[in-house]
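Undergrad: Shown below is the structure under consideration.
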Amino acid sequence: MAPFGDLWQSVERTNGVGLNERDVKIVVEQICSALEFMHDKELVHRDVRAENILIYSPNLTKVKLTDFGLTRKVGTLVKKRVKSLPSCPPEVWEAVLLEGYNIQIGSDVWQLAMMVYVCLTTRFPWDKADITDPKFTEFVEWQKRKTTRTPKEFRVFSPRLLRLMRRLMELKPMKRYPVTEVNKYLRDRWLVHKSQRASSVHSHVCPIVVKVILYS
């Protein structure tokens, strides 16, 4: 048991404000290192989220990625069994129930971006990464550059973080940048002014619900 709990518990203690970006960057740098190690060995974690990051120091300088129950080799064929979490990438949502899809490193990259989002805002930006969700559809339009209007759920982020998110959250998993891309942005400002942030955070539609992913 980690002496300081998990990352989601730390997020919860902010009472809807989110962790400060300095702390998020400290955590993300460590998780990126862990994921890079896994990806070099062609392993995909598949469940990167705040609940699976344990804290071993109060200032977050020592955290560990845990719960490798869903970890598989790149290219492994798995079946989608039940409805997925909001943090799952669109290719998982698109998979037909009980039919197979191949594991890709891009899944971890997407979930890393979603973890950053959750830590900074305490919310998911949508209920599901599927075109039936209007919030996700708005993101897709922006991601495909069909509009220059930043999605409402992302307006708390600086231009530099938006650029990073765009790279990590490419709709096609093979186009997503490696997790090491994050290191280029750690010195940049990630959030807009606090006053703007406060007015935006509460507009997010999908509160975190802790669930167990039941696909293998």
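Throughout, read-outs are computed from the coordinates displayed, never taken from laboratory work. Note that this is a predicted model, so its numbers are computed, not measured. All Cβ positions, glycine included, derive from the backbone under ideal geometry; neighbour counts span all protein chains shown.
Undergrad: Calculate the dipole size of the chain relative to its Cα centre from +1 charges on Lys and Arg beta carbons and -1 charges on Asp and Glu beta carbons; express the result in debye to the nearest 20. Don't skip to the end; give the middle numbers.
TA: Details: 36 positive and 24 negative charges, 120 e Å.
Around 580 debye, computed over the chain.
Undergrad: Can I ask one more? Which one, 100, 192, 16, projects farthest toward the positive side of the charge dipole computed for the chain from Cβ point charges (K/R +1, D/E -1)?
TA: Of the options given, the answer is 192.
Undergrad: In deg cm²/dmol, rounded to 500, what helix-only [θ] at 222 nm does the chain give when every DSSP H run of at least 4 residues adds -39500 (n - 2.57) and the total is split over its residues? Write down the numbers at each step before the final one.
TA: On the way: 7 runs with 75 residues, N = 216.
The per-residue figure over the chain is -10500 deg cm²/dmol.
Undergrad: Another question about this same structure. Give a residue-ordered list of calculated ³J(HN,Hα) values for the range 84-95 (Karplus: 6.51 cos²θ - 1.76 cosθ + 1.60, θ = phi - 60°; whole Hz; x for Gly, Pro).
TA: 8, 7, x, 6, 5, x, x, 5, 6, 5, 6, 4
Undergrad: Which of (1) 11.9; (2) 20.4; (3) 11.1 is the computed mean projected area of the Cα convex hull in nm² for the structure on display?
TA: (3)
Undergrad: I need 23, 47, 127, 40 ordered by Cβ neighbour count within 10 Å, fewest first.
TA: Values: 23 19, 47 22, 127 16, 40 8.
By the 10 Å Cβ count, ascending: 40, 127, 23, 47.
Undergrad: Choose one of 33, 143, 2: the residue whose Cα lies farthest towards the positive end of the charge dipole of the chain (beta-carbon charges +1 Lys, Arg; -1 Asp, Glu; about the Cα centre).
TA: 143
Undergrad: So which of 25/79; 79/175; 41/146 end up more than 32 Å apart, counting from Cα to Cα? It would help to have the intermediate numbers written out before the result.
TA: Values: 25/79 34 Å; 79/175 23 Å; 41/146 37 Å.
The answer is 25/79; 41/146.
Undergrad: Can you run phi through the Karplus equation (6.51, -1.76, 1.60; θ = phi - 60°) for the range 49-63 and list ³J(HN,Hα) in whole Hz, with x for Gly and Pro?
TA: With coefficients 6.51, -1.76 and 1.60, one gets 7, 4, 5, 9, 10, 8, 10, 10, 9, x, 9, 6, 6, 9, 10 Hz.
Undergrad: Continuing with this model, one more query. Considering just Cα atoms, how many Å³ per residue does the convex hull of the range 80-162 enclose?
TA: Working: hull volume 8.6 nm³, N = 83.
Expressed per residue, the convex hull around the Cα atoms of the range 80-162 is 103 Å³.
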